[in-house]
Amino acid sequence: MSVWDWVSVFNHRARSPSWQLFFVLFGFILGIAVASWLPLVFDPRALLVVAMVAFFVALLISRRDLKLILFTFCAMSLGIAHYLSVAPLKADSVVAFVGQTARVEGTLTNDPSSSDRFQRIELDEISVNTTPASMKLLAYLPRFPELKYGDRVSFRCELEAPQPIDGFAYDRYLRAQGIVATCFSYDEPYVIAQHQGDSFRSVVFNLRSIIELGLERALPEPHAALAKGLLLGQKVLSEEIEEDFRRVGLSHILAASGYNVSAMLSVLFVGLVFFIRRQRALYFMLVAVVLYVLLAGAEAPVVRAGIMGATTLIARNVGRHTTPRNLILLATTIMLIANPLLFRDDVGFQLSLLAVTGIALWADRIAKRFEFIPERFSLREAWSSSLAAITATLPLTIFQFGTLSFISPIANLLVLPLIPFAMALSAISAILALLVPVIAPWFGAPAWAVQELILWLVHQFSSIPFGFFTF
């Protein structure tokens, strides 16, 4: 195509409302991306002035293509300004105390994740030696006494700055979560007060504890731990099993992700349309997303997974007047407004974005090429969604983790279609086990069978010699 042909295409797209929205949303995200990777030193206030000037000039001119360019530039300037206003650390942040051994006091912002020796907690509303400090602290404390969300604790430790781990920018990843310092303490923490957190989140965490109890009643180990990872994003599997999942490129399913949510919702959606109208089924699924986010703790990764999963569901089932690309860009923009550091520093966000994009744009096309796979139990739906997600995320997986699993594509294609069924059956078994605990293992039998197949496949693939390569 000649230059004039491209100008003609651009001018045509500039007249379309969907393309106008596309370029504006893309401009904001591009601004976040530019500010994330380039060492810009602009004053955010100056960029806001530039954005306002571009906006008012765009309102005055009549040419639609120039108007669109100015609106896109305006959105890009806003993205850069937003990132630059959030990225710098505050002068009173807890990072100012790094290198000191001090008494730390703070409130738990999550339920701890525990290992054999330590419990991992995140603290907010921090004071160091009675001096208030902003931002969050990641602490590793002795296993006992067991702490809960909302506990106000005090302990002594040496504060450290997070460091990259084996090439992975762990420090930047924590920074995207608002965590700027870490510490280890071998002294038992002193609980100053309890129930100091938000009352709504306390109810949410209590509900999650109830769901965990149902899973433990219905399923033996390690199946209950696998169900907690699939449904609640908890990493409680043994190190040996987690290593098997890493070897075959399936570790992403052990955390709450946009793929997990969208894949499960796709299966539930197909089942619901047999009984109710398609539009009404969509509403039920959106309610299911909200319930899932709440039961999983309503933490940032889970909220992100819920947003991306709902975006995929809507993008694939809305009418022709709404485009999937705009829905995905809109969801991404909302999340980046809330936290612009996600774009570069949160691998989970990046993988979710690519996986959801792949599912929304390619899954239907892939399904047409696999018509020999039966549609019963949504097998073709799960297969096509899995392949689309694998294709979209493979380059980033190699880039971020430095590993290429030669058996990953086959393992993913065999295991990922089972994940929605494992999630749905595990959730049902947990609810039934809570209602009738006497025969809870019988309720968990279907979920156990699917999970046993998943664990067997993962172990067999991980045992293949030379199955992966590390860069």
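The values are calculated or read from the model by the stated rules, or taken from the named source; none is laboratory data. Bear in mind that the values here come from a model prediction, so they are computed numbers and not experimental data. Neighbour counts are summed over all protein chains in view; Cβ atoms, including those assigned to glycine, are modelled from backbone coordinates with ideal geometry. For the accessible areas, the whole protein counts, side chains as well, though only heavy atoms, and no ligand, DNA or RNA atoms are used. Shrake-Rupley method; radii C 1.70, N 1.55, O 1.52, S 1.80 Å.
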For the chain, fraction of C-alpha pairs farther apart than 39 Å, in %
28 percent
Amide H to amide H, which residues 5 or more places from residue 181 or on other chains are under 5 Å from it, using H placed in the peptide plane?
138
Probe radius 1.4 Å, ligands and nucleic acids left out: which of 105, 371 has the largest accessible area, and how do the rest follow?
371, 105
Check the chain for me: any Cys whose beta-carbon has no other cysteine beta-carbon within less than 4.7 Å?
74
Just the number please: accessible area per residue for the chain, 1.4 Å probe, all protein chains included, in Å².
51 Å²
I'd like the Karplus ³J(HN,Hα) series for segment 396-403: coefficients 6.51, -1.76, 1.60, θ = phi - 60°, whole numbers in Hz, and an x wherever there's a Gly or Pro.
5, 4, 5, 5, 6, 9, x, 10
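What number, rounded to the nearest 500 deg cm²/dmol, is the helix-based mean residue ellipticity at 222 nm of the chain, given -39500 (n - 2.57) per DSSP H run of at least four residues and division by all its residues?
Numbers: 19 runs with 281 residues, N = 471.
It lands at -19500 deg cm²/dmol.
Computing the accessible area with a 1.4 Å probe over protein heavy atoms, can you report the carbon and sulfur percentage for the chain? The partial results should precede the final answer.
Numbers: 15700 of 23960 Å².
With neighbouring chains kept in place, the figure for the chain is 66 percent.
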Can you give me the long-range amide H partners of residue 192? Hydrogens built in the peptide plane at 1.01 Å from N, cutoff under 5 Å, separation of 5 or more residues or another chain.
152, 153, 154
Ignoring solvent entirely, what values of log10 I(q)/I(0) come out of the Debye formula for segment 76-179 at 0.14 Å⁻¹ when each Cα is a single scatterer?
-0.60
Sorted by chain and number, the residues with a modelled amide H under 5 Å from that of residue 143, at a separation of 5 or more or across chains, are 119
For segment 329-338, 3J(HN,Hα) per residue [Karplus equation, 6.51 cos²θ - 1.76 cosθ + 1.60, θ = phi - 60°, Hz, x = Gly/Pro]
5, 5, 4, 5, 4, 4, 5, 6, 5, 5
So what are the ³J(HN,Hα) numbers for segment 420-430, from phi and the Karplus equation (6.51, -1.76, 1.60; θ = phi - 60°), rounded to whole Hz, Gly and Pro as x?
x, 5, 4, 5, 5, 5, 5, 5, 5, 5, 5
Might you work out the accessible area of residue 261 for me, using a 1.4 Å probe with all protein chains in place, and round it to the nearest 10 Å²?
0 Å²
Sorted list, accessible surface of protein heavy atoms, 1.4 Å probe, largest first, for 37, 19 is 37, 19
Using a 1.4 angstrom probe on the protein heavy atoms only, could you order 166, 244, 198 from most to least accessible area?
166, 198, 244
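Mean shadow of segment 165-257, computed from the convex hull of its alpha carbons, in nm²? Write out the running numbers ahead of the final one.
Details: hull surface 35.3 nm².
Directional mean of the projected Cα hull area for segment 165-257 stands at 8.8 nm².
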